[in-house]
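*Asks:* If you scroll down you'll find the structure; I have some questions about it.
The values are calculated or read from the model by the stated rules, or taken from the named source; none is laboratory data. Just so we're clear, the structure is a prediction, and the values are computed from it rather than from any experiment. So basically every Cβ, Gly included, is an ideal-geometry build from the backbone, and we count neighbours across all protein chains shown.
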Number of protein chains: 2
Amino acid sequence: MPCTGYRRADSSWHYLGKGPVISESSAPRTVRELGEFALIERINARRVQAPAVLLGPGDDAALVAAPDGRFVVTTDMLVEGRHFRRDWSSPREIGRKAIAQNAADVVAMGAAPTAFVVALGCPAETPVEVVDELADGMWAEAARAGGSIAGGDLVRSPELVVSVTAFGDLRGKAPVTRAGARVGDTVAVAGRLGWSAAGLAALTASADAEEFAEALAAHRVPQPPYEAVLGSSWRAGHSLTDVSDGLLADLGHIAEASGVGIDLDAAALRDPALDALARRLDADAAQWILAGGEDHAFAGTWPSGAELPEGWRAIGRVTAGSGVTVDGARHEGGNGWESFRGADSASGPDPR
Amino acid sequence: MPCTGYRRADSSWHYLGKGPVISESSAPRTVRELGEFALIERINARRVQAPAVLLGPGDDAALVAAPDGRFVVTTDMLVEGRHFRRDWSSPREIGRKAIAQNAADVVAMGAAPTAFVVALGCPAETPVEVVDELADGMWAEAARAGGSIAGGDLVRSPELVVSVTAFGDLRGKAPVTRAGARVGDTVAVAGRLGWSAAGLAALTASADAEEFAEALAAHRVPQPPYEAVLGSSWRAGHSLTDVSDGLLADLGHIAEASGVGIDLDAAALRDPALDALARRLDADAAQWILAGGEDHAFAGTWPSGAELPEGWRAIGRVTAGSGVTVDGARHEGGNGWESFRGADSASGPDPR
């Protein structure tokens, strides 16, 4: 479709914000043709930095505000074929997901995201539009989380690699770690569980896209409920984490760090809409909820009887034991994501 | 050599600091066998964090001090086959280089490195010792720069990918950017130029390792002269950068950002020891000095007549023109590194 092709090249050059409109044949189409420095300039053009970014891209380093004299920092790397597939997710979705999962880690400390830096590796033959759309997705999610992209690096690599580092501001408060849970605490979550896993199962099974639209969207772009921690009703409890590896695995980290056990209430975790989807795939919704990661819900513990902040629901209780149980019993089946499971030659994200 | 093998497995388990000594056959030899969480625990065991790291690895995010309410941040990704070769550099050297090039960017803003985070991608079949040695190299260079590794991520990828983000403290001073050079300024450098390029040329030509030992070492582990900026004699001039892409390219960034030209004095840049090495390879030492990057020397400009800080030497002058010249003329030949040059299938670092 030459018309579509032309429009893309045309709008790309307008996006660059300089030079005349260039005909399709001469517009750079790949990262190699445009070159590193021009591409960096292009993806940073017309961006408005968040207030915390005192000095943005264009020098040896950026400068970011840390109002209370400390900053929260986390980093996550996404590798094509392992953490995403180009035939399953658009560049924009991959960009949003990369930022969302890092922002969720910042928020899971009780901090407000301020800025991100991104190291991006891609083959030289990558179409420039792919990098544009990745950047657009990153900027959109960074804005949703309250920050912006303060800088980055762009290098050549055999497959797409997106490495994000995220920063946050505790606003003078203590970080809420995984180590503070106490026996008797109420365990609560904010956000959805199991929907990303349902979407991954639907992709793996080539299930009906319309029927699974919500699950597919949840897998492609997790929507961490940032406001459940950053909103005005927030009051920190004893511990906090985000659900990235799977509920059992992530609560297991709280249990281990705090030296306690956790018992979950299966009834409180049930999701009738997921049950319906699971029946269509002959799958187990409980497994998606308990062991599916990547929804980036938040999980934490509060003193028994404390009123939970808005958006949080109780799902269990901290016990004097160790490990995580469901209705008093160990869960049968996997607990969640582990990076080095499966074969190196796996052609797509590990379906666990 | 079973004896060596046994000793390695044995010391590894002692290093883990728990459990009995396990016989060679059952000690995990690969990242897959050890698993993500155990490997993270292993590479973080017995490490002493720098004072700025308020909360280190083990939670959703780390917490780092930013005493003056701001922090400098930079990120750089190194990809196997592109930025290093496993048959040319040891894991320890790769780790040191990854930290050094990021620390140099922090110092090039006039800031003291405080902490680093590292996202590491590697194949599941990577020997555990490779990751151990990478981590040891990173920790060694982080300490040399004045910081420590506050956290990271460990994922599976088809080749080794090391993505470092570095932080620094300006100690209440203004950042020294690329944009402040003024006409008449003296251009000066601290550190060596062209030695990393000489080492790369020696590796490419399979030159005599003894004769080129110093150049090979410079290529494998750049030694940015951090103290030239962080030492007591330091007084900031008008602009500052590090030489990562090549002297002409990096001074070109200063010239462009400052809206000035720069003229270099060829005689001041000569290095007789490099001339001797270049003759052995039928190469041009001037090209190594002017276009070879990766030495991570520092370059900056000071008001004419100002006394230079210790470790700095004058190499040219800021002019009213644009671009960078040598003895008044444009340099013939390449200016330095560009990420997307050459073929995607290149099996080693681009010899430029």
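*Asks:* Going through region B:152-161 one residue at a time, which ones are touching a Ser or Thr at 6+ places or on another chain (Cβ under 7 Å) and of a type in the set (Gly, Ala, Ser)?
*Replies:* Within region B:152-161, B:152 is the sole residue that qualifies.
*Asks:* Has region A:192-204 got any residue that is in contact with a Gly (Cβ under 6 Å, 6 or more places away or on another chain), within 10 Å of another protein chain (Cβ to nearest Cβ), closer than 29 Å to residue A:120 by Cα and not polar (S, T, N, Q)?
*Replies:* No - not one qualifying residue is present in region A:192-204.
*Asks:* Let me ask something else. Any idea which of A:258, A:239, A:232 is free of Cβ contacts under 8 Å to residues at least 40 places away in the same chain and farther than 20 Å from residue A:292 by Cβ?
*Replies:* Of A:258, A:239, A:232, the one residue that is free of Cβ contacts under 8 Å to residues at least 40 places away in the same chain and farther than 20 Å from residue A:292 by Cβ is A:232.
*Asks:* Restricting attention to region B:104-119, does a residue exist that is closer than 19 Å to residue B:45 by Cα and of a type outside the set (A, V, I, L, M, F, W, C)?
*Replies:* no
*Asks:* Filter region B:277-312 down to residues that are in a loop (DSSP other than H, G, I, E, B) and within 23 Å of the chain's Cα centre (by Cα), then give me how many there are.
*Replies:* 8
*Asks:* When you scan region A:148-170, do you find a residue that is more than 8 Å from chain B (Cβ to nearest Cβ) and among the polar types (S, T, N, Q), even just one?
*Replies:* Yes, there is a match, as at least one residue in region A:148-170 is more than 8 Å from chain B (Cβ to nearest Cβ) and among the polar types (S, T, N, Q).
*Asks:* Related question: If a residue has to be in contact with a Gly (Cβ under 8 Å, 6 or more places away or on another chain) and charged (D, E, K, R) to count, how many in region A:140-177 make the cut?
*Replies:* Residues that pass the stated criteria total 4.
*Asks:* Might you let me know whether region B:164-179 holds any residue that is in the same structural domain as residue B:74 (by the TED database), of a type in the set (Val, Ile, Thr), in contact (Cβ under 8 Å) with a residue 12 or more places away in the chain and touching a helix residue (DSSP H, G or I) at 6+ places or on another chain (Cβ under 9 Å)?
*Replies:* Yes, region B:164-179 contains a residue that is in the same structural domain as residue B:74 (by the TED database), of a type in the set (Val, Ile, Thr), in contact (Cβ under 8 Å) with a residue 12 or more places away in the chain and touching a helix residue (DSSP H, G or I) at 6+ places or on another chain (Cβ under 9 Å).
*Asks:* Kindly list the number of the only condition in (1) facing another protein chain (nearest Cβ under 7 Å); (2) more than 26 Å from residue A:107 (Cα to Cα) that fails for residue B:47.
*Replies:* It is condition (1) that residue B:47 fails.
*Asks:* Shifting gears a bit: Among residues belonging to region B:313-352 that are part of a strand (DSSP E or B) and farther than 16 Å from residue B:183 by Cα, point out the one that is modelled with the lowest pLDDT.
*Replies:* Taking the candidates together, the pick is B:329.
*Asks:* Picking from A:319, A:301, which residue would you name as being in contact (Cβ under 8 Å) with a residue 24 or more places away in the chain, closer than 16 Å to residue A:266 by Cβ and not aliphatic (A, V, I, L, M)?
*Replies:* That would be A:319, the only listed residue that is in contact (Cβ under 8 Å) with a residue 24 or more places away in the chain, closer than 16 Å to residue A:266 by Cβ and not aliphatic (A, V, I, L, M).
*Asks:* Also: Taking residue B:126, is it in contact with a Leu (Cβ under 9 Å, 6 or more places away or on another chain), in contact (Cβ under 8 Å) with a residue 24 or more places away in the chain, within 11 Å of chain A (Cβ to nearest Cβ) and under 19 Å from residue B:33 (Cβ atoms)?
*Replies:* Considered against the rule, which asks whether it is in contact with a Leu (Cβ under 9 Å, 6 or more places away or on another chain), in contact (Cβ under 8 Å) with a residue 24 or more places away in the chain, within 11 Å of chain A (Cβ to nearest Cβ) and under 19 Å from residue B:33 (Cβ atoms), residue B:126 comes out as yes.
*Asks:* Same structure, new question: Right, residue B:127: under 20 Å from residue B:92 (Cβ atoms), surrounded by fewer than 22 Cβ atoms within 10 Å (Cβ to Cβ) and of a type outside the set (D, E, K, R) or not?
*Replies:* Yes, satisfied.
*Asks:* Hey, could you check region B:192-225 for residues that are of a type in the set (Ser, Thr, Tyr) and in contact (Cβ under 8 Å) with a residue 60 or more places away in the chain and say which is farthest from residue B:105 (Cα to Cα)?
*Replies:* Selected residue: B:204.
*Asks:* (1) surrounded by fewer than 24 Cβ atoms within 10 Å (Cβ to Cβ); (2) touching a residue at least 60 places away in the same chain (Cβ under 8 Å): which one isn't true of residue B:142, the others all being true?
*Replies:* (1) is the only condition that residue B:142 fails.
*Asks:* While we're here: Within region B:252-264, track down each residue that is buried (at least 21 other Cβ atoms within 10 Å of the Cβ) and assigned to a loop (DSSP other than H, G, I, E, B).
*Replies:* B:260 - this is the single residue of region B:252-264 that is buried (at least 21 other Cβ atoms within 10 Å of the Cβ) and assigned to a loop (DSSP other than H, G, I, E, B).
*Asks:* From the list A:273, A:267, exactly one residue is in the same structural domain as residue A:314 (by the TED database), assigned to a helix (DSSP H, G or I) and either surrounded by 24 or more Cβ atoms within 10 Å (Cβ to Cβ) or in contact with a helix residue (DSSP H, G or I) (Cβ under 9 Å, 6 or more places away or on another chain) (or both). Which is it?
*Replies:* After applying the criteria, what remains is A:273.
*Asks:* Moving on to the next point. So which residues in region B:232-251 are within 20 Å of the chain's Cα centre (by Cα) and surrounded by fewer than 22 Cβ atoms within 10 Å (Cβ to Cβ), if there are any at all?
*Replies:* Answer for region B:232-251, where residues must be within 20 Å of the chain's Cα centre (by Cα) and surrounded by fewer than 22 Cβ atoms within 10 Å (Cβ to Cβ): just B:249.
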